[in-house]
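S.K.: One structure, pasted below without further comment.
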Amino acid sequence: MRKKLLKPSQKEENQKEVSHVTVECVSAEPLETLLADLTKINNSRERASKLFQWLITPIPDKMFFRETWEKKPIFVQRKNPDYYKGLFSTAELDRIFREEDVQYGVNLDVTSYTNGKRETHNPPGRVLPYTAWDFYESGCSLRMLNPQAFSSTVWNVLSILQEQFGSMAGANIYLTPPGTQGFAPHYDDIEAFVVQLEGKKRWRVYSPRCLLCDFSSANFDQADIGKPILDVVVEAGDLIYFPRGFIHQGNCLPDAHSLHITISSYQKNSWGDLLQKVENPPSLEVAMEEDVEFRRGLPLDYLTYMGVQNSDKEDPRRAKFFSRIDNLMKRLTNYAPVDAAVDQKAKDFIHDCLPPALTPDELVTSVQGAPTRWEGGQVKDVGVHIITQTQIRILRAQCARLCNDGDAVHLYYTTDNSRVYHKEELKSFEIKPEYTDAVEFLIHSYPGFVTVGSLPCESAQDRIALAELLFEKGIIHTAEPV
């Protein structure tokens, strides 16, 4: 698709401001300890907030979202190479190559950028250490596309952070040899947190000045992008954030390799993406059925003054025509199914989400830790022993969503999702009309536990049946093992 060069708006001009935060030797508890401490927090939203604060320390999270988020890049220099230790490592990448079924082009890309030419060198088949490390030694970068599928720590971190963003949190791993560059200058359609894990890399970030019609990732020649607004060497323990649309490139210095993880979110999560689901033919059809103004005929002579061939004419009829269109567009909002469109976005989010990484307490109180087993030649502890006094709650604040689908109501949920993006179909099941109030009650009661007997169902039998259903789907857990 041809690039469309657009003049930066005033807002984009203002975005050229960059923040640079330098903190001497920021100390932090080991990530393993932090994640263990987070399991003691009983609210997944609070858990996400604390983990995000760790990610961007020392910047307060409220200040970050007020002054930086979607506005400008920021560089956090910590001078503590161990700050992110335990998140991922080159040794972990090597283990994955040896023990996991990693496929070229699916899980791993081999790339290079030399003399202005970006190339991908993926052979077919499985990644083996022999070939992967040979590519690396030849000067190629290795990009792992979904490390959460192979690393439990990355999965845990992302599954927590997705509740901070209300949008899928993804990640790529980039390993670059000394003195090389793996990718051309480009921009992405995500909010990017570049977390330096090992070594160092020079990063240059440029003003957003070239947009593609479909906002897909675009590569640029150096001459296209001008001077960088941020030019820094990022070392282990440091962080760069840049909003979607900011052109960037990273290259390794001759004296060190680089390993970083890019944590990303907010892909296709704009007002425009929501309005694409709102402004659809059904809303216009409803408006035409219910509002006579949408059924009135067009002016007899509108073809004589409207259209591209007439766009340069100074004709008062054109102004009147646009005024009429503006009025109809405003009236159309009265028929726009905004809540239904938000539910469509919610279903996308549910499908995109990683499954929850359960804490030890959640494991023993959920279906995944149920004591049913084969022992002594027979099956023992079959079934769920839920009674009206049993205390229950949903597993995560955003692990389930009630949505209308025509005449039926379905409950969409994340607990059966795969760690591989969209490997599974969107999971849902129909909720009986007499159960919808009870499911809403459960969702809105989070993070509190409620007794099964308090569910607003018609009978105790219905309350227990609903609780058993939700327990078996992994959507709820109990306050104590059952």
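The values are calculated or read from the model by the stated rules, or taken from the named source; none is laboratory data. Computed from a predicted structure; not experimentally measured. All Cβ positions, glycine included, derive from the backbone under ideal geometry; neighbour counts span all protein chains shown. Heavy atoms of the whole protein, side chains included, go into the accessibility calculation; ligands, DNA and RNA do not. Shrake-Rupley method; radii C 1.70, N 1.55, O 1.52, S 1.80 Å.
S.K.: Tally the residues that are under 15 Å from Asp94 (Cα atoms), in contact (Cβ under 8 Å) with a residue 24 or more places away in the chain and over 19 Å from the mean Cα position of the chain (by Cα), restricting the search to the range 134-158.
M.R.: 5
S.K.: Cβ contacts < 7 Å: first residue open to solvent by 30 Å² or more (accessible area, probe 1.4 Å), restricted to the range 32-47; second residue of a type in the set (Asp, Glu) and at pLDDT 95 or above, any location; separation 6+ or different chain. Result?
M.R.: Sorted first by the residue in the range 32-47, then by its partner, the pairs are Arg45/Glu163.
S.K.: Those residues that are of a type in the set (Gly, Ala, Ser) and closer than 14 Å to Asn122 by Cβ, I need them from the range 139-161; list them, please.
M.R.: Selection gives Ser141 alone.
S.K.: Do you know which residues across the range 222-241 are farther than 21 Å from Gly179 by Cα and open to solvent by 10 Å² or more (accessible area, probe 1.4 Å)?
M.R.: Of everything in the range 222-241, those that are farther than 21 Å from Gly179 by Cα and open to solvent by 10 Å² or more (accessible area, probe 1.4 Å) turn out to be Ala223, Asp224, Gly226, Lys227, Ile229.
S.K.: Here is a follow-up. So which residues in the range 62-97 are open to solvent by 10 Å² or more (accessible area, probe 1.4 Å), closer than 20 Å to Pro177 by Cβ and assigned to a helix (DSSP H, G or I), if there are any at all?
M.R.: Answer for the range 62-97, where residues must be open to solvent by 10 Å² or more (accessible area, probe 1.4 Å), closer than 20 Å to Pro177 by Cβ and assigned to a helix (DSSP H, G or I): Thr90, Ala91, Glu92, Asp94, Arg95.
S.K.: Identify all residues within the range 430-482 that are of a type in the set (S, T, N, Q) and either open to solvent by 40 Å² or more (accessible area, probe 1.4 Å) or out of contact with any strand residue (DSSP E or B) (no Cβ under 9 Å at 6 or more places or on another chain) (or both); write none if there are none.
M.R.: Scanning the range 430-482 gives Thr451, Ser454, Ser459, Gln461.
S.K.: Looking at Val409, is it touching a residue at least 12 places away in the same chain (Cβ under 8 Å) and either in a strand (DSSP E or B) or open to solvent by 30 Å² or more (accessible area, probe 1.4 Å) (or both)?
M.R.: yes
S.K.: Of Leu354, Leu363, Leu402, which residue is assigned to a loop (DSSP other than H, G, I, E, B), closer than 30 Å to Ala171 by Cα and among the aliphatic types (A, V, I, L, M)? Before you say what the answer is, go through the steps one by one.
M.R.: Working: Leu363 fails: assigned to a loop (DSSP other than H, G, I, E, B); Leu402 fails: assigned to a loop (DSSP other than H, G, I, E, B).
Selected residue: Leu354, the only one of Leu354, Leu363, Leu402 that is assigned to a loop (DSSP other than H, G, I, E, B), closer than 30 Å to Ala171 by Cα and among the aliphatic types (A, V, I, L, M).
S.K.: Something else now. Glu119 - would you say it is surrounded by fewer than 21 Cβ atoms within 10 Å (Cβ to Cβ) and either modelled with pLDDT under 95 or within 29 Å of the chain's Cα centre (by Cα) (or both)?
M.R.: It is true that Glu119 is surrounded by fewer than 21 Cβ atoms within 10 Å (Cβ to Cβ) and either modelled with pLDDT under 95 or within 29 Å of the chain's Cα centre (by Cα) (or both).
S.K.: In this structure, is Asp361 in contact (Cβ under 8 Å) with a residue 60 or more places away in the chain, of a type outside the set (Phe, Trp, Tyr) and not assigned by the TED database to the domain that holds Phe150?
M.R.: Values: in contact (Cβ under 8 Å) with a residue 60 or more places away in the chain: yes; of a type outside the set (Phe, Trp, Tyr): yes; not assigned by the TED database to the domain that holds Phe150: yes.
When the stated conditions are applied, Asp361 passes them.
S.K.: Output the number of residues of the range 257-278 satisfying the condition of being open to solvent by 20 Å² or more (accessible area, probe 1.4 Å) and over 30 Å from Phe88 (Cα atoms).
M.R.: Matching residues across the range 257-278 total 8.
S.K.: Which of the residues spanning the range 332-385 are among the small types (Gly, Ala, Ser) and within 29 Å of Leu426 (Cβ to Cβ)?
M.R.: Within the range 332-385, Ala336, Ala340, Ala341, Ala346, Ala357, Ser366, Gly369, Ala370, Gly383 qualify.
S.K.: Give me a count of the residues in the range 50-94 that are under 24 Å from His257 (Cα atoms) and of a type in the set (Val, Ile, Thr).
M.R.: Looking only at that region, the number is 4.
Conditions (1) touching a helix residue (DSSP H, G or I) at 6+ places or on another chain (Cβ under 7 Å); (2) modelled with pLDDT under 95, marked per residue:
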site	(1), (2)
Val23	no, yes
Ser27	no, yes
Leu34	yes, no
Leu38	yes, no
Asn42	no, yes
Glu46	no, no
Phe52	yes, no
Pro60	no, no
Met63	no, no
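S.K.: Go over the candidates Thr388, Thr436, Thr415 one by one and state the one that is over 22 Å from the mean Cα position of the chain (by Cα), modelled with pLDDT of 95 or more and assigned to a loop (DSSP other than H, G, I, E, B).
M.R.: Of Thr388, Thr436, Thr415, the one residue that is over 22 Å from the mean Cα position of the chain (by Cα), modelled with pLDDT of 95 or more and assigned to a loop (DSSP other than H, G, I, E, B) is Thr388.
S.K.: Based on this model, can you work out whether Thr180 counts as part of a helix (DSSP H, G or I), crowded, with 17+ Cβ neighbours inside 10 Å and either among the β-branched types (Val, Ile, Thr) or not assigned by the TED database to the domain that holds Arg95 (or both)? It would help to see each step written out before you state the result.
M.R.: Numbers: part of a helix (DSSP H, G or I): no; crowded, with 17+ Cβ neighbours inside 10 Å: yes; either among the β-branched types (Val, Ile, Thr) or not assigned by the TED database to the domain that holds Arg95 (or both): yes.
In short, no.
S.K.: Continuing with this model, one more query. Which residues, counting only those in the range 439-482, are assigned to a strand (DSSP E or B) and β-branched (Val, Ile, Thr)? So that I can check it myself, show each step before the final result.
M.R.: The initial filter retains those residues of the range 439-482 that are assigned to a strand (DSSP E or B), namely 450-451, 476-478.
Val450, Thr451, Ile476, Thr478, listed by residue number.
S.K.: Which numbered condition trips up Ile350, out of (1) modelled with pLDDT under 90; (2) open to solvent by less than 80 Å² (accessible area, probe 1.4 Å)?
M.R.: The single condition Ile350 does not satisfy is (1).
S.K.: Examine the range 150-171 for a residue that is at pLDDT 95 or above, in a strand (DSSP E or B) and either open to solvent by less than 50 Å² (accessible area, probe 1.4 Å) or in contact with a Gly (Cβ under 7 Å, 6 or more places away or on another chain) (or both), and state whether such a residue exists.
M.R.: Looking for residues that are at pLDDT 95 or above, in a strand (DSSP E or B) and either open to solvent by less than 50 Å² (accessible area, probe 1.4 Å) or in contact with a Gly (Cβ under 7 Å, 6 or more places away or on another chain) (or both), one finds at least one in the range 150-171, hence yes.
S.K.: Let me ask something else. Which residue is modelled with the lowest pLDDT, if the candidates are limited to the range 299-331 and must be under 44 Å from the mean Cα position of the chain (by Cα) and among the hydrophobic types (A, V, I, L, M, F, W, C)?
M.R.: That would be Met329.
S.K.: Inspect the range 320-341 for any residue being out of contact with any Cys (no Cβ under 7 Å at 6 or more places or on another chain), open to solvent by less than 60 Å² (accessible area, probe 1.4 Å) and under 30 Å from Ser418 (Cα atoms) and give the result as yes or no.
M.R.: Taking every residue of the range 320-341 in turn, at least one turns out to be out of contact with any Cys (no Cβ under 7 Å at 6 or more places or on another chain), open to solvent by less than 60 Å² (accessible area, probe 1.4 Å) and under 30 Å from Ser418 (Cα atoms).
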